[in-house]
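Notes to accompany the following structure.
The values are calculated or read from the model by the stated rules, or taken from the named source; none is laboratory data. The shown structure was predicted, so the numbers you read here are calculated from the model rather than taken from an experiment. Using ideal geometry, Cβ is built from the backbone for each residue, glycine included, and neighbour counts are taken over all protein chains shown. Just the protein is used for accessible areas: all its heavy atoms, side chains included, with ligands, DNA and RNA removed. Shrake-Rupley method; radii C 1.70, N 1.55, O 1.52, S 1.80 Å.
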Amino acid sequence: RGGRRPPAAPPRGVPGVTVLLRDFEDFENDLTGTARSFASLPVPVLVVAETAPYPPVPLPAGVNLLLLRPAADRPPPLARPELHVRTRHVALVPDGTRPVPGLLERMRDALEEGAGDTRLVAAPVGSVPLRCLELRLEARAWTARYGPGAPGVCRAVEGTAVLLLRTRDLFALPFPLARPVPTALFVQAAFRGWGLRVMPAAFPAARRPPVSPHGRWKAENLAETRRRRLMRDLGVKREVLADGRERWYGCSKETARCFGTVHARTPQYLLAGRWTPPCCLRALRETARHVTGALEAAGVRYWLEGGSLLGAVRLGDIIPWDYDVDLGIYREDAGKCRWLAAVAAAGEPVEDAEGFLWEKAAEGDFYRVHYSRSNRLHVDLWPFYPRGGVMTKDTWLGHPQDVEFPESFLRPRVPMPFAGFTAMAPNNARAFLELKFGPGAVENPEYPNPAV
């Protein structure tokens, strides 16, 4: 720093381990002590940060700072990050760790002697052993699922750890230095089927004064922000933890939905090989429950339509790749619902007490209820009316399943499990669906536009 030239580097790929100090806070850190203690082994030590720590941290001689954030007056710092590490192995060391002579080398040997899929070695920091976890990535469902790891089979660990891997493996990852470091490495490793070996020997933790309440608050907020950014980059919108708790990272009532305008009935996520983000399915379930509850309370006759009925018959839920919910209603009943009546009277969208937005659709004679003013995940309400014993409507959008049907399917309507509650449905759902979609519709799932 300060114009000092780094020492001459050994040739790339030399034996040894470079220590990277990445997970630390600018405030109340032990960066100087951690860097000095590992540099004394001696091993190469790099402090990695977006910008120089503030307040400034005096780094020991020979410890260099790698800045990741580009600046207009400097060359791109991360164009070739692997050029900053010359050794064959690298260890990501948490702030406040102290070295044990020879332990990094034992970790390296364990990696090289391990099974073919072993690409990571972990050693605990402090007196608390690491907990071995299984980690399954359900990429199509945007979900990371943790569980207890079988003996000798780990995909992640719980607890503070030093992580060692080959330098070439680290810098082959799309996000090699993302934070929080352990989660970033575990998820990217799981996508690649990498194994993880846990060492019993531990690194001691430094004796440090307690973090101040304000420092703890800042650290927790920063950790949450980093984790959300990481999950966005990794394409994970839900984590299911080993104890059954869930963390959600996708859209909410306060944000826009996770996908843009749908063209040719094919959302962009389907083209990317994924299904509807779980946060969107959750919002659709909430909206459907809310809307059907309002309709039932008002005496509006409704039923599950189209793909929503198809999902109810197949799964008791929304089809995993669907992006809205369709309900039919009797047109003559629409005025019984205070929110539909308010939309008709106001001529503009109306937000109800729960934050759902009711409106007349711009595309024709039907209604749409959005999850919120910001998040336009929605339930469509299609007003049908009987004519000569056949249910018809005034707006047809050209979908293959958008057809008239005998009113006898609605006399009576029947309850059916759907999306975590009970909705009303036509009395012969299979015949209704085969009229709409063709023979075998229930048994033969397909995307809305298979040609695309």
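One table, with the values for the structure above:
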read-out	value
Filter result for the condition that a residue is open to solvent by 10 Å² or more (accessible area, probe 1.4 Å), over 23 Å from Leu41 (Cβ atoms) and either in contact with a Pro (Cβ under 9 Å, 6 or more places away or on another chain) or aromatic (Phe, Trp, Tyr) (or both), over Arg131, Arg108	Arg131
Failed item in (1) open to solvent by 30 Å² or more (accessible area, probe 1.4 Å); (2) in contact with a helix residue (DSSP H, G or I) (Cβ under 6 Å, 6 or more places away or on another chain); (3) within 21 Å of Val262 (Cβ to Cβ), with Tyr371 passing the rest	(1)
Count - residues of region 417-452 that are of a type in the set (A, V, I, L, M), open to solvent by 30 Å² or more (accessible area, probe 1.4 Å) and either within 24 Å of Arg285 (Cβ to Cβ) or not in a loop (DSSP other than H, G, I, E, B) (or both)	3
Pairs with Cβ under 9 Å, 6+ apart, first in region 208-222 and of a type outside the set (D, E, K, R), second open to solvent by 100 Å² or more (accessible area, probe 1.4 Å)	Pro210/Arg216
Test: residue in region 164-174 that is closer than 28 Å to Leu67 by Cα, of a type in the set (Val, Ile, Thr), in contact (Cβ under 8 Å) with a residue 24 or more places away in the chain and touching a strand residue (DSSP E or B) at 6+ places or on another chain (Cβ under 7 Å)	yes
Single residue of region 337-356 satisfying the filter (acidic (Asp, Glu), under 19 Å from Glu286 (Cα atoms) and not in a strand (DSSP E or B)) that is most open to solvent (accessible area, probe 1.4 Å)	Glu354
Close pairs from region 346-368: first on the phi < 0 side of the Ramachandran plot and in contact (Cβ under 8 Å) with a residue 40 or more places away in the chain, partner surrounded by 15 or more Cβ atoms within 10 Å (Cβ to Cβ) and acidic (Asp, Glu), Cβ under 9 Å, at least 6 apart	Phe356/Glu286
Search result, residues across region 136-161 that are surrounded by fewer than 19 Cβ atoms within 10 Å (Cβ to Cβ) and polar (S, T, N, Q)	Thr143
Pairs with Cβ under 7 Å, 6+ apart, first in region 428-452 and within 18 Å of Met416 (Cα to Cα), second surrounded by 14 or more Cβ atoms within 10 Å (Cβ to Cβ) and among the basic types (Lys, Arg)	Val442/Arg314
Failed condition for Lys393, given (1) open to solvent by 30 Å² or more (accessible area, probe 1.4 Å); (2) closer than 25 Å to Glu359 by Cβ	(1)
Among residues of region 357-382, those that are of a type in the set (D, E, K, R) and assigned to a strand (DSSP E or B), counted	4
Which listed residue, of Ala288, Ala298, is in contact with a Cys (Cβ under 7 Å, 6 or more places away or on another chain) and at negative phi	Ala298
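Listed here are the residues, each with its yes/no results for (1) at pLDDT 95 or above; (2) of a type in the set (Asp, Glu); (3) closer than 30 Å to Tyr447 by Cβ.
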{"residue": "Ile329", "(1), (2), (3)": "yes, no, yes"}
{"residue": "Cys337", "(1), (2), (3)": "yes, no, no"}
{"residue": "Glu359", "(1), (2), (3)": "yes, yes, yes"}
{"residue": "Val369", "(1), (2), (3)": "yes, no, yes"}
{"residue": "His378", "(1), (2), (3)": "yes, no, yes"}
{"residue": "Leu381", "(1), (2), (3)": "yes, no, yes"}
{"residue": "Phe418", "(1), (2), (3)": "yes, no, yes"}
{"residue": "Thr422", "(1), (2), (3)": "yes, no, yes"}
{"residue": "Ala425", "(1), (2), (3)": "yes, no, yes"}
